[in-house]
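Below you'll find the structure, written out as structure tokens, and then a few comments.
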Amino acid sequence: MRPKTGEHDLQVKIGHIKKFIGKKDKVKVTVIFRGREITLRDLGMQVLKRIIEQTEEFAIVEQSPKFEGRFLVMVLSPK
């Protein structure tokens, strides 16, 4: 994903997350910052927080969001 990912695209990704979690798989969610987007770290965190809120009924955060270079990464696992 990117920090400025649209609402519909985000809902599609959440649907994919739900499918993987339903199969008892873990999901690694990555927000990629390219070029000057690195200054939009707050938007990236907001995207991941929205994902956490919308998946909290069937997934837990195994690894909280953290930066790895130009990537913001978190891992979700089934409840």
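Observations
- Evaluating Val61 against the criteria (1) touching a strand residue (DSSP E or B) at 6+ places or on another chain (Cβ under 9 Å); (2) more than 21 Å from His8 (Cβ to Cβ); (3) surrounded by fewer than 13 Cβ atoms within 10 Å (Cβ to Cβ) leaves one unmet condition, (3).
- Taking every residue in segment 32-53 that is in contact (Cβ under 8 Å) with a residue 24 or more places away in the chain and more than 21 Å from His8 (Cβ to Cβ) and pairing it with any residue that is surrounded by fewer than 16 Cβ atoms within 10 Å (Cβ to Cβ) and of a type in the set (Lys, Arg), at least 6 positions away or on another chain, the pairs with Cβ-Cβ distances below 7 Å are Phe33/Arg70; Ile38/Arg70.
Rundown of residues vs (1) in a strand (DSSP E or B); (2) of a type in the set (Val, Ile, Thr); (3) closer than 18 Å to Thr5 by Cα, yes/no style:
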| position | (1), (2), (3) |
| --- | --- |
| Lys24 | no, no, no |
| Asp42 | no, no, yes |
| Ile60 | yes, yes, no |
| Ser77 | yes, no, no |
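- When Val12 is tested against the conditions (1) out of contact with any helix residue (DSSP H, G or I) (no Cβ under 7 Å at 6 or more places or on another chain); (2) not in a helix (DSSP H, G or I), the lone failure is (2).
For (1) at pLDDT below 95; (2) farther than 21 Å from Pro78 by Cα, each residue gets a yes or a no:
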residue	(1), (2)
Val29	no, no
Ile32	no, yes
Gly35	yes, yes
Leu40	yes, yes
Leu43	yes, yes
Gln46	yes, yes
Phe58	yes, no
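- Pair list, Cβ < 9 Å and 6+ apart or interchain, from segment 67-79 residues that are within 11 Å of Phe33 (Cα to Cα) to residues that are at pLDDT below 95 and among the acidic types (Asp, Glu): Arg70/Glu37
The values are calculated or read from the model by the stated rules, or taken from the named source; none is laboratory data. Being a predicted model, the structure only gives us computed values, none of them experimental. Counting neighbours? That spans all protein chains shown, and the Cβs are built from the backbone with ideal geometry, glycine included.
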